[in-house]
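**Student:** The following block contains the structure, expressed as C-alpha coordinates.
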Amino acid sequence: MVILFGFTLNGFEVLAWENMSILEVAGFYGIEIPTLCFMEGLSPYGGCRLCLVEVGPVGKSRLVTSCTYPAREGIEVRTHSQKVLQQRRMLLELYVAACPSSKWLQDLASKHHVTEVRFKPKGEECILCGRCVRMCREQMMGEAIGYVDRGTQRRITTPFDKKSEDCRLCGGCMYVCPVCQLRCQGPKEESTLCSSCLNLYPPCAEKFEEVMCYMDPCAACELEKG
Amino acid sequence: MKTFCHCNNHYGLENSSIILFMQNIQRNCGYLPEDELKRLADNTGTPLMDIYSIATFYKSFKLEPQGEHTITVCTGTACHLRGSGEVFEEMAAVLGVGSGGGTSEDGKYTLEKVNCLGACALAPLIVIDGHYHGNVTPGKAREMIEEHYK
(Lines give C-alpha, C1' and ligand atoms only; values in the text may rest on other atoms or scores of the structure.)
Protein backbone atom coordinates (compact mmCIF):
# COMPACT_ATOMS: atom_id res chain seq x y z
CA MET A 1 0.00 0.00 0.00
CA VAL A 2 1.36 3.39 -0.93
CA ILE A 3 1.25 5.88 1.90
CA LEU A 4 0.85 9.50 0.89
CA PHE A 5 1.77 12.30 3.24
CA GLY A 6 2.12 16.04 3.08
CA PHE A 7 4.90 18.50 3.84
CA THR A 8 5.77 22.10 3.03
CA LEU A 9 7.95 22.76 0.01
CA ASN A 10 8.81 26.42 -0.54
CA GLY A 11 5.66 27.42 1.34
CA PHE A 12 3.34 25.12 -0.57
CA GLU A 13 1.72 22.02 0.77
CA VAL A 14 2.92 19.07 -1.34
CA LEU A 15 2.31 15.34 -1.29
CA ALA A 16 4.90 12.60 -1.39
CA TRP A 17 5.19 8.86 -1.14
CA GLU A 18 7.23 6.99 1.37
CA ASN A 19 10.92 6.52 0.48
CA MET A 20 10.93 9.52 -1.85
CA SER A 21 13.84 11.88 -1.48
CA ILE A 22 13.29 15.62 -1.31
CA LEU A 23 15.03 15.92 -4.66
CA GLU A 24 12.55 13.56 -6.27
CA VAL A 25 9.55 15.36 -4.80
CA ALA A 26 10.92 18.74 -5.91
CA GLY A 27 11.50 17.36 -9.40
CA PHE A 28 7.97 16.01 -9.46
CA TYR A 29 6.61 19.48 -8.65
CA GLY A 30 8.84 21.13 -11.23
CA ILE A 31 11.31 22.75 -8.86
CA GLU A 32 14.82 22.47 -10.20
CA ILE A 33 17.55 21.70 -7.74
CA PRO A 34 21.06 21.66 -9.24
CA THR A 35 22.93 18.40 -8.87
CA LEU A 36 26.36 17.15 -9.72
CA CYS A 37 27.03 13.74 -8.20
CA PHE A 38 23.40 12.67 -8.53
CA MET A 39 22.39 10.71 -11.59
CA GLU A 40 19.20 8.89 -12.33
CA GLY A 41 19.76 5.15 -12.27
CA LEU A 42 22.61 5.40 -9.79
CA SER A 43 22.28 5.32 -6.03
CA PRO A 44 22.34 8.77 -4.41
CA TYR A 45 25.69 9.64 -2.92
CA GLY A 46 25.32 13.10 -1.39
CA GLY A 47 28.96 13.89 -1.99
CA CYS A 48 28.86 17.05 -4.09
CA ARG A 49 26.56 18.93 -1.68
CA LEU A 50 25.20 20.98 -4.58
CA CYS A 51 21.63 19.81 -4.01
CA LEU A 52 21.58 21.34 -0.52
CA VAL A 53 18.19 22.45 0.75
CA GLU A 54 17.11 24.06 3.98
CA VAL A 55 15.00 21.88 6.24
CA GLY A 56 13.19 23.09 9.33
CA PRO A 57 11.50 26.30 10.52
CA VAL A 58 13.31 29.60 9.95
CA GLY A 59 15.97 30.10 12.57
CA LYS A 60 16.14 26.43 13.42
CA SER A 61 16.85 25.13 9.95
CA ARG A 62 19.74 23.04 8.76
CA LEU A 63 21.17 22.29 5.37
CA VAL A 64 20.81 18.75 4.08
CA THR A 65 21.50 17.08 0.76
CA SER A 66 18.14 16.66 -0.90
CA CYS A 67 19.22 13.61 -2.91
CA THR A 68 19.75 11.53 0.23
CA TYR A 69 17.24 13.13 2.60
CA PRO A 70 13.91 11.29 2.64
CA ALA A 71 10.78 13.41 2.56
CA ARG A 72 8.90 13.12 5.83
CA GLU A 73 5.53 14.21 7.02
CA GLY A 74 5.28 17.80 8.20
CA ILE A 75 8.82 18.97 7.42
CA GLU A 76 9.41 22.44 6.07
CA VAL A 77 11.74 22.60 3.07
CA ARG A 78 13.12 25.61 1.24
CA THR A 79 15.03 24.86 -1.95
CA HIS A 80 16.00 28.37 -3.03
CA SER A 81 16.36 30.42 0.15
CA GLN A 82 19.11 33.01 0.48
CA LYS A 83 21.10 30.68 2.73
CA VAL A 84 20.94 27.84 0.22
CA LEU A 85 21.81 29.99 -2.79
CA GLN A 86 24.78 31.46 -0.95
CA GLN A 87 26.11 28.02 -0.07
CA ARG A 88 25.61 26.76 -3.61
CA ARG A 89 27.53 29.67 -5.06
CA MET A 90 30.34 29.10 -2.60
CA LEU A 91 30.45 25.42 -3.52
CA LEU A 92 30.55 26.22 -7.22
CA GLU A 93 33.31 28.70 -6.61
CA LEU A 94 35.32 25.96 -4.90
CA TYR A 95 34.56 23.49 -7.68
CA VAL A 96 35.63 25.89 -10.40
CA ALA A 97 38.81 26.64 -8.46
CA ALA A 98 39.51 22.92 -8.24
CA CYS A 99 38.81 22.17 -11.89
CA PRO A 100 38.75 25.30 -14.09
CA SER A 101 39.03 23.20 -17.24
CA SER A 102 35.63 21.53 -16.87
CA LYS A 103 32.86 22.75 -19.11
CA TRP A 104 30.22 21.23 -16.87
CA LEU A 105 31.38 23.16 -13.82
CA GLN A 106 31.84 26.38 -15.76
CA ASP A 107 28.29 26.12 -17.10
CA LEU A 108 26.88 25.46 -13.64
CA ALA A 109 28.81 28.42 -12.28
CA SER A 110 27.44 30.69 -15.02
CA LYS A 111 23.95 29.43 -14.42
CA HIS A 112 24.16 30.32 -10.73
CA HIS A 113 25.75 33.69 -11.34
CA VAL A 114 29.10 32.98 -9.84
CA THR A 115 31.02 36.06 -10.89
CA GLU A 116 34.34 35.63 -9.13
CA VAL A 117 36.57 32.86 -7.85
CA ARG A 118 38.43 33.92 -4.74
CA PHE A 119 40.42 30.72 -4.42
CA LYS A 120 43.67 29.70 -5.99
CA PRO A 121 42.94 27.59 -9.09
CA LYS A 122 44.22 24.07 -8.62
CA GLY A 123 43.70 22.43 -12.00
CA GLU A 124 42.80 19.02 -10.62
CA GLU A 125 41.51 16.24 -12.80
CA CYS A 126 38.89 14.87 -10.45
CA ILE A 127 36.38 16.28 -7.97
CA LEU A 128 35.60 12.88 -6.40
CA CYS A 129 31.91 13.05 -7.22
CA GLY A 130 31.96 9.27 -7.51
CA ARG A 131 29.72 9.10 -10.57
CA CYS A 132 32.16 6.86 -12.42
CA VAL A 133 32.53 4.52 -9.46
CA ARG A 134 28.78 4.05 -9.15
CA MET A 135 28.33 3.82 -12.93
CA CYS A 136 30.91 1.07 -13.13
CA ARG A 137 29.43 -0.80 -10.20
CA GLU A 138 25.71 -0.32 -10.54
CA GLN A 139 25.09 -0.09 -14.27
CA MET A 140 28.05 -1.86 -15.84
CA MET A 141 28.52 -4.47 -13.10
CA GLY A 142 32.22 -3.87 -13.44
CA GLU A 143 33.65 -3.00 -10.02
CA ALA A 144 36.87 -1.99 -11.75
CA ILE A 145 37.39 1.41 -10.15
CA GLY A 146 36.93 2.78 -6.67
CA TYR A 147 38.26 5.10 -4.01
CA VAL A 148 41.80 4.66 -2.78
CA ASP A 149 43.54 6.25 0.21
CA ARG A 150 41.79 8.79 2.38
CA GLY A 151 41.65 12.43 3.33
CA THR A 152 43.43 14.76 0.97
CA GLN A 153 45.10 11.81 -0.74
CA ARG A 154 41.79 10.25 -1.72
CA ARG A 155 41.54 9.44 -5.40
CA ILE A 156 39.72 7.17 -7.80
CA THR A 157 41.73 4.44 -9.45
CA THR A 158 41.93 0.72 -10.24
CA PRO A 159 43.33 -1.86 -7.79
CA PHE A 160 47.11 -1.49 -7.46
CA ASP A 161 46.98 1.28 -10.10
CA LYS A 162 47.20 -1.38 -12.79
CA LYS A 163 44.89 -2.14 -15.65
CA SER A 164 41.96 -3.91 -14.04
CA GLU A 165 40.85 -7.35 -15.14
CA ASP A 166 37.28 -6.34 -14.33
CA CYS A 167 37.36 -3.43 -16.77
CA ARG A 168 35.67 -4.07 -20.09
CA LEU A 169 36.65 -0.69 -21.53
CA CYS A 170 32.98 0.26 -21.83
CA GLY A 171 33.78 3.93 -21.31
CA GLY A 172 30.81 4.45 -19.00
CA CYS A 173 33.01 6.15 -16.42
CA MET A 174 34.15 8.79 -18.90
CA TYR A 175 30.64 9.23 -20.25
CA VAL A 176 29.28 10.30 -16.86
CA CYS A 177 32.30 12.30 -15.74
CA PRO A 178 31.50 16.00 -15.21
CA VAL A 179 35.15 16.96 -15.49
CA CYS A 180 36.29 15.03 -18.57
CA GLN A 181 34.57 17.39 -21.01
CA LEU A 182 36.77 20.40 -21.57
CA ARG A 183 35.43 23.93 -21.72
CA CYS A 184 35.56 25.88 -24.94
CA GLN A 185 38.96 26.98 -26.12
CA GLY A 186 37.99 30.63 -26.57
CA PRO A 187 40.09 33.74 -26.01
CA LYS A 188 39.32 33.78 -22.28
CA GLU A 189 40.48 30.26 -21.73
CA GLU A 190 43.32 31.17 -19.36
CA SER A 191 41.06 32.75 -16.73
CA THR A 192 39.77 30.57 -13.93
CA LEU A 193 36.14 31.47 -14.38
CA CYS A 194 34.74 31.66 -17.90
CA SER A 195 31.29 33.13 -17.18
CA SER A 196 31.18 34.49 -20.73
CA CYS A 197 27.67 33.13 -20.97
CA LEU A 198 26.63 35.71 -18.40
CA ASN A 199 27.32 38.49 -20.93
CA LEU A 200 24.71 37.11 -23.27
CA TYR A 201 21.08 37.47 -22.57
CA PRO A 202 19.48 35.04 -21.99
CA PRO A 203 22.47 33.20 -20.53
CA CYS A 204 23.45 30.57 -23.06
CA ALA A 205 24.23 27.93 -20.48
CA GLU A 206 20.55 27.81 -19.73
CA LYS A 207 18.81 28.55 -23.00
CA PHE A 208 21.05 27.58 -25.86
CA GLU A 209 22.95 24.76 -24.29
CA GLU A 210 23.48 22.83 -27.45
CA VAL A 211 23.82 25.67 -29.88
CA MET A 212 26.41 27.94 -28.43
CA CYS A 213 28.44 26.24 -25.78
CA TYR A 214 29.47 23.38 -27.98
CA MET A 215 30.82 25.75 -30.58
CA ASP A 216 34.54 26.07 -30.50
CA PRO A 217 35.15 28.82 -29.57
CA CYS A 218 31.78 29.71 -28.08
CA ALA A 219 29.72 32.59 -29.40
CA ALA A 220 30.08 34.60 -26.20
CA CYS A 221 33.85 34.49 -26.39
CA GLU A 222 33.77 35.49 -30.06
CA LEU A 223 31.49 38.45 -29.28
CA GLU A 224 33.84 39.63 -26.59
CA LYS A 225 36.76 39.49 -28.97
CA GLY A 226 34.78 41.76 -31.29
CA MET B 1 53.94 -19.91 4.43
CA LYS B 2 50.52 -19.97 6.00
CA THR B 3 48.02 -18.31 3.77
CA PHE B 4 44.53 -17.08 3.96
CA CYS B 5 42.91 -20.44 3.28
CA HIS B 6 43.81 -21.60 6.78
CA CYS B 7 41.51 -19.10 8.36
CA ASN B 8 38.47 -19.94 6.27
CA ASN B 9 37.01 -22.00 9.05
CA HIS B 10 37.55 -19.42 11.75
CA TYR B 11 35.54 -16.60 10.27
CA GLY B 12 32.53 -17.05 8.03
CA LEU B 13 32.79 -16.05 4.40
CA GLU B 14 31.09 -12.74 4.82
CA ASN B 15 31.86 -9.25 3.66
CA SER B 16 32.00 -8.07 7.24
CA SER B 17 34.90 -10.38 8.05
CA ILE B 18 37.09 -9.12 5.24
CA ILE B 19 39.24 -7.04 7.59
CA LEU B 20 39.87 -10.10 9.76
CA PHE B 21 41.09 -12.00 6.69
CA MET B 22 43.34 -9.13 5.75
CA GLN B 23 44.77 -8.91 9.26
CA ASN B 24 45.44 -12.62 9.11
CA ILE B 25 47.27 -12.28 5.81
CA GLN B 26 49.31 -9.43 7.22
CA ARG B 27 50.15 -11.42 10.34
CA ASN B 28 51.38 -14.33 8.26
CA CYS B 29 53.13 -12.52 5.42
CA GLY B 30 54.14 -9.31 7.17
CA TYR B 31 52.31 -7.32 4.56
CA LEU B 32 49.49 -7.71 2.03
CA PRO B 33 50.87 -9.27 -1.15
CA GLU B 34 48.97 -8.58 -4.35
CA ASP B 35 48.27 -12.19 -5.25
CA GLU B 36 47.02 -12.96 -1.74
CA LEU B 37 44.52 -10.11 -2.02
CA LYS B 38 43.43 -11.39 -5.43
CA ARG B 39 42.90 -14.84 -3.95
CA LEU B 40 40.95 -13.32 -1.09
CA ALA B 41 38.74 -11.53 -3.60
CA ASP B 42 38.13 -14.72 -5.56
CA ASN B 43 37.35 -16.76 -2.46
CA THR B 44 35.06 -14.31 -0.71
CA GLY B 45 33.39 -12.84 -3.76
CA THR B 46 34.25 -9.33 -2.54
CA PRO B 47 35.44 -7.11 -5.39
CA LEU B 48 39.21 -6.66 -5.44
CA MET B 49 38.57 -2.93 -5.63
CA ASP B 50 36.85 -2.95 -2.23
CA ILE B 51 39.67 -4.90 -0.67
CA TYR B 52 42.22 -2.51 -2.12
CA SER B 53 40.19 0.45 -0.85
CA ILE B 54 40.23 -0.98 2.66
CA ALA B 55 43.93 -1.79 2.43
CA THR B 56 44.76 1.79 1.50
CA PHE B 57 42.26 3.36 3.91
CA TYR B 58 43.78 1.88 7.07
CA LYS B 59 47.32 2.94 7.77
CA SER B 60 48.15 -0.27 9.61
CA PHE B 61 47.75 -2.33 6.45
CA LYS B 62 51.01 -2.50 4.50
CA LEU B 63 51.18 -3.11 0.79
CA GLU B 64 54.99 -3.19 0.68
CA PRO B 65 57.19 -5.91 2.19
CA GLN B 66 58.30 -4.88 5.68
CA GLY B 67 61.69 -5.24 7.30
CA GLU B 68 62.50 -7.85 9.97
CA HIS B 69 62.35 -5.22 12.70
CA THR B 70 59.89 -2.38 12.88
CA ILE B 71 60.87 0.93 14.46
CA THR B 72 58.05 3.33 15.12
CA VAL B 73 58.69 6.94 16.04
CA CYS B 74 55.87 8.83 17.69
CA THR B 75 55.22 12.25 16.17
CA GLY B 76 52.33 13.24 18.41
CA THR B 77 52.19 16.74 19.88
CA ALA B 78 54.09 15.96 23.10
CA CYS B 79 56.75 13.94 21.29
CA HIS B 80 57.04 16.54 18.56
CA LEU B 81 57.65 19.29 21.12
CA ARG B 82 60.29 17.23 22.86
CA GLY B 83 62.21 16.60 19.67
CA SER B 84 60.90 13.47 18.00
CA GLY B 85 61.69 15.10 14.66
CA GLU B 86 65.43 14.99 15.36
CA VAL B 87 65.13 11.42 16.63
CA PHE B 88 63.44 10.41 13.42
CA GLU B 89 66.02 12.16 11.25
CA GLU B 90 68.83 10.45 13.16
CA MET B 91 67.15 7.06 12.75
CA ALA B 92 66.59 7.67 9.06
CA ALA B 93 70.25 8.61 8.62
CA VAL B 94 71.53 5.54 10.53
CA LEU B 95 69.25 3.15 8.63
CA GLY B 96 69.72 4.87 5.30
CA VAL B 97 66.03 5.42 4.56
CA GLY B 98 64.35 8.53 3.21
CA SER B 99 62.90 11.36 5.27
CA GLY B 100 59.44 9.80 5.06
CA GLY B 101 60.56 6.49 6.54
CA GLY B 102 60.62 3.16 4.78
CA THR B 103 62.55 -0.10 4.73
CA SER B 104 66.34 -0.19 4.76
CA GLU B 105 68.12 -1.67 1.77
CA ASP B 106 69.11 -4.91 3.51
CA GLY B 107 65.46 -5.48 4.44
CA LYS B 108 66.28 -5.57 8.16
CA TYR B 109 64.55 -2.45 9.44
CA THR B 110 61.39 -0.56 8.70
CA LEU B 111 61.17 2.95 10.04
CA GLU B 112 57.79 4.60 10.31
CA LYS B 113 56.03 7.53 11.91
CA VAL B 114 52.91 7.25 13.98
CA ASN B 115 50.63 10.00 15.18
CA CYS B 116 50.33 9.18 18.87
CA LEU B 117 51.13 6.13 20.96
CA GLY B 118 49.26 7.38 24.00
CA ALA B 119 52.28 7.45 26.31
CA CYS B 120 52.96 11.17 26.16
CA ALA B 121 54.60 11.25 29.60
CA LEU B 122 57.49 9.27 28.09
CA ALA B 123 57.95 11.68 25.17
CA PRO B 124 59.77 11.42 22.86
CA LEU B 125 58.83 7.83 22.39
CA ILE B 126 59.94 5.08 20.00
CA VAL B 127 58.76 1.51 19.68
CA ILE B 128 61.15 -1.19 18.50
CA ASP B 129 59.42 -4.48 17.72
CA GLY B 130 56.65 -3.77 20.20
CA HIS B 131 58.94 -2.61 23.02
CA TYR B 132 58.43 0.97 24.15
CA HIS B 133 61.44 3.18 24.82
CA GLY B 134 60.78 6.56 26.40
CA ASN B 135 62.79 9.78 26.75
CA VAL B 136 64.79 9.04 23.63
CA THR B 137 67.42 11.42 22.29
CA PRO B 138 68.99 11.17 18.84
CA GLY B 139 72.18 9.80 20.48
CA LYS B 140 70.29 7.19 22.49
CA ALA B 141 68.37 6.16 19.40
CA ARG B 142 71.58 5.60 17.47
CA GLU B 143 73.03 3.56 20.34
CA MET B 144 69.92 1.44 20.59
CA ILE B 145 70.05 0.43 16.96
CA GLU B 146 73.78 -0.17 16.94
CA GLU B 147 73.93 -2.15 20.19
CA HIS B 148 70.86 -4.29 20.00
CA TYR B 149 70.44 -5.02 16.39
CA LYS B 150 73.74 -4.82 14.57
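**Student:** Considering only DSSP states other than H, G, I, E and B, which chymotrypsin sites (Phe, Trp or Tyr not before Pro) in region A:1-42 qualify as loop sites with at most 14 other Cβ atoms within 10 Å?
**Tutor:** Qualifying residues, ordered by number: A:29.
**Student:** Grab the beta carbon distance between residue A:10 and residue A:43, set R0 = 22 Å, and tell me the FRET efficiency rounded to 0.05.
**Tutor:** Values: r = 26 Å, r/R0 = 1.20.
About 0.25, to the nearest 0.05.
**Student:** I would also like to ask the following. Within a 10 angstrom radius of each residue's Cβ in B:46-59, how many Cβ atoms of other chains show up on average? Whole number is fine.
**Tutor:** 6
**Student:** Send over a whole-number figure in Å² for the accessible area per residue of chain B, probe 1.4 Å. Please report the intermediate quantities before stating the final value.
**Tutor:** Details: 8110 Å² over 150 residues.
Normalised by residue count, the accessible surface of chain B is 54 Å².
**Student:** Using helices alone, what [θ] at 222 nm do you get for chain B, with -39,500 (n - 2.57) per DSSP H run of 4 or more residues, divided over all residues and rounded to the nearest 500?
**Tutor:** That comes out to -12500 deg cm²/dmol.
**Student:** Right, next: Tell me the relative contact order for region A:131-176 as a rounded percent, counting alpha carbon contacts under 8 Å between residues six or more apart.
**Tutor:** So the answer I get is 42 percent.
**Student:** Please list, in order along region B:65-80, the HN-Hα scalar couplings obtained from phi with the Karplus expression 6.51 cos²θ - 1.76 cosθ + 1.60 (θ = phi - 60°), rounded to whole Hz, x for Gly and Pro.
**Tutor:** x, 9, x, 4, 10, 10, 10, 10, 10, 6, 10, x, 4, 4, 5, 4
**Student:** Give me the percent relative contact order of region A:94-133, please, defined on Cα pairs under 8 angstrom at least 6 residues apart.
**Tutor:** Dividing the mean separation by the residue count of region A:94-133 yields 53 percent.
**Student:** Which value, in Å² rounded to 10, gives the accessible area of residue B:131 with a 1.4 Å probe and all protein chains present?
**Tutor:** Roll a 1.4 Å probe over it and residue B:131 shows about 120 Å².
**Student:** What percent do you get for the relative contact order of chain B when only Cα pairs under 8 Å and 6+ apart count?
**Tutor:** This gives 20 percent for chain B.
**Student:** At a 1.4 Å probe, what is the % contribution of carbon and sulfur to the accessible area of region B:4-150?
**Tutor:** It is 48 percent, rounded to a whole number.
**Student:** Express in nm, to one decimal, how much length is gained between residue B:64 and residue B:86 on full extension, taking 0.36 nm for each residue of separation and deducting their alpha carbon distance.
**Tutor:** This chain segment gains 5.4 nm when fully extended.
**Student:** Another question, then. Using a 1.4 Å probe and counting only protein heavy atoms, how much accessible surface gets buried when A and B come together, both sides summed, in Å² to the nearest 100?
**Tutor:** 1200
**Student:** Place a point 7 Å from the Cα of residue A:139 along the Cα-to-Cβ direction; which residues of region A:77-105 have their backbone N under 17 Å from it?
**Tutor:** Label zone hits: A:104.
**Student:** Between residue A:52 and residues 5 or more places away or on another chain, which pairs have amide H atoms under 5 Å apart, with H built 1.01 Å from N, and which residues are they?
**Tutor:** Those lying under 5 Å, H to H, from residue A:52 are A:66.
**Student:** Using the Cα centre as the reference, give the magnitude of the dipole from point charges on the C-beta atoms of region A:131-176 (Lys, Arg: +1; Asp, Glu: -1; all else neutral), rounded to the nearest 20 debye.
**Tutor:** Roughly 160 debye, rounded to the nearest 20.
**Student:** A follow-up question, please. Restrict the search to region B:60-127; then list the GluC sites (Glu not before Pro) that DSSP places in a loop and that have at most 11 other Cβ atoms within 10 Å of their Cβ.
**Tutor:** B:105
**Student:** So for chain B, if I pair up every lysine 8 or more residues apart or on another chain, how many of those pairs have alpha-carbons under 26 Å apart?
**Tutor:** Final tally of qualifying lysine pairs is 16.
**Student:** Using amide H atoms built 1.01 Å from N in the peptide plane, name the residues 5+ places from residue B:123, or on other chains, whose amide H lies under 5 Å from its own.
**Tutor:** B:135
**Student:** At 1.4 Å probe size, with the rest of the protein present, what percent of the exposed accessible area of region A:131-176 is carbon and sulfur atoms?
**Tutor:** Carbon and sulfur together cover 54 percent of it.
**Student:** Sequence-distant or interchain residues sharing an amide H contact under 5 Å with residue A:142, placed H: which?
**Tutor:** Under 5 Å from the amide H of residue A:142 lie the amide H atoms of A:137, each far enough along the sequence or on another chain.
The values are calculated or read from the model by the stated rules, or taken from the named source; none is laboratory data. Please read these numbers as outputs of a predicted model, since none were measured by experiment. No Cβ is skipped: glycine too gets one built from the backbone with ideal geometry, and neighbour counts run over all protein chains shown. Keep in mind that these areas ignore ligands, DNA and RNA; they rest on the heavy atoms of the full protein, side chains included. Shrake-Rupley method; radii C 1.70, N 1.55, O 1.52, S 1.80 Å.
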